[in-house]
1. Please find, among A:ALA152, A:ALA146, A:ALA133, A:ALA104, the residue that is free of Cβ contacts under 8 Å to residues at least 40 places away in the same chain and under 22 Å from B:VAL33 (Cβ atoms).
2. Output the residues belonging to the range B:74-84 that are touching a residue at least 40 places away in the same chain (Cβ under 8 Å) and either charged (D, E, K, R) or out of contact with any Leu (no Cβ under 6 Å at 6 or more places or on another chain) (or both).
3. What single numbered condition from (1) in contact with a Phe, Trp or Tyr (Cβ under 7 Å, 6 or more places away or on another chain); (2) assigned to a helix (DSSP H, G or I) fails to hold for B:LEU39?
4. Filter the range A:110-130 for residues that are more than 14 Å from chain B (Cβ to nearest Cβ) and open to solvent by 60 Å² or more (accessible area, probe 1.4 Å); which is farthest from the chain's Cα centre (by Cα)?
5. Can you tell me how many residues in the range B:58-109 are surrounded by 18 or more Cβ atoms within 10 Å (Cβ to Cβ) and in a loop (DSSP other than H, G, I, E, B)?
6. For the range A:79-94: of the residues being surrounded by fewer than 20 Cβ atoms within 10 Å (Cβ to Cβ) and out of contact with any strand residue (DSSP E or B) (no Cβ under 9 Å at 6 or more places or on another chain), which is modelled with the highest pLDDT?
7. Tell me whether the range A:47-68 contains one or more residues that are aliphatic (A, V, I, L, M), over 25 Å from A:GLU144 (Cβ atoms) and surrounded by fewer than 23 Cβ atoms within 10 Å (Cβ to Cβ).
8. Step by step: first the residues of the range B:1-22, then only those that are at pLDDT 90 or above and open to solvent by 30 Å² or more (accessible area, probe 1.4 Å), then the one that is farthest from the other protein chains (Cβ to nearest Cβ). Which residue is that?
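The values are calculated or read from the model by the stated rules, or taken from the named source; none is laboratory data. Because the structure is a prediction, the values reported are computed rather than measured. Cβ: placed from backbone, ideal geometry, glycine included. Neighbour counts: every protein chain shown. Keep in mind that these areas ignore ligands, DNA and RNA; they rest on the heavy atoms of the full protein, side chains included. Shrake-Rupley method; radii C 1.70, N 1.55, O 1.52, S 1.80 Å.
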Amino acid sequence: MRVVAQVASARDLDPAQARGLVVTTEAPADVRRRLPAARIVAVVARGTPSRRLLLEGADGVVNDDDGYAVTAAATAVAAGLVVTPRDGRSSRNGLTGREKQILAMIVLGFSNRAISQQLHVTESTVKSHLSSAFRKLRVRSRNEAAALLMDAQNGLGLGILALSEES
Amino acid sequence: MTTARGVNVADNASVLLSSRASVPNHIVYRSFVNETVILNLETGRYHGINTTGGRILELLEREGTLAAAAARLAEEYDRTLEEAQRHVIEFCNELHERGLIAVSPDDRG
């Protein structure tokens, strides 16, 4: 397997060379369409959900501000491994137990007031936890958070809200 | 009126028709068109039950004892009392085993 392009557009690649490795800033789905057999490393802005990129056809994901990781990721993907950034959305997100509880209730459509009554905290405390959780999930609203959590295919899935290992 | 699996009622003497069932503080649930979702805030786990299960849960909270909930359920679903009682006990056994309801003797006399 040989490298046919690095951190550059794969637009001009000859499909006949499609068995190589492509490191690209283009959408993986576009590259995959043109080069169905290639190994693809997607170079993306930090925070871009890795899971979606993998589903679109990437074999590896690397942040564009991490130059050293590009070479490492390319080598790993060329060797047949799947690579994602440690801080990607699909990895551990740092949510606290309380944030998980509140998000779990948000998913079910509970209001801030109902959550505050259930958890015996003030509404402003609920809002504070939510702001922190939204920041960690990189979403801006409860609807966006709920959509992200309920989408097990392209989002995070509800499993990340589990509070105990055995659950 | 079905539950996920059969439970031998005799094996769990703590859940009786005369028992009172309640939803603990760490359990919340919400009914939707096709199902009711129960959330255990201590584990972060969701549990899905069908609409009949959701109705039984509501009746348990409102009526108190399993017997009263079963009587109401028999009326609403046009089933015999015995059939409704069996379903309510099986359902409560499952929920109790999963820690989703609290069961206590009916101490109202």
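1. A:ALA152
2. B:TYR77, B:ARG79, B:GLU83
3. (2)
4. Here the answer is A:THR122.
5. The qualifying residues number 2.
6. A:GLY94
7. no
8. Once the filter is applied, the top-ranked residue is B:ARG20.
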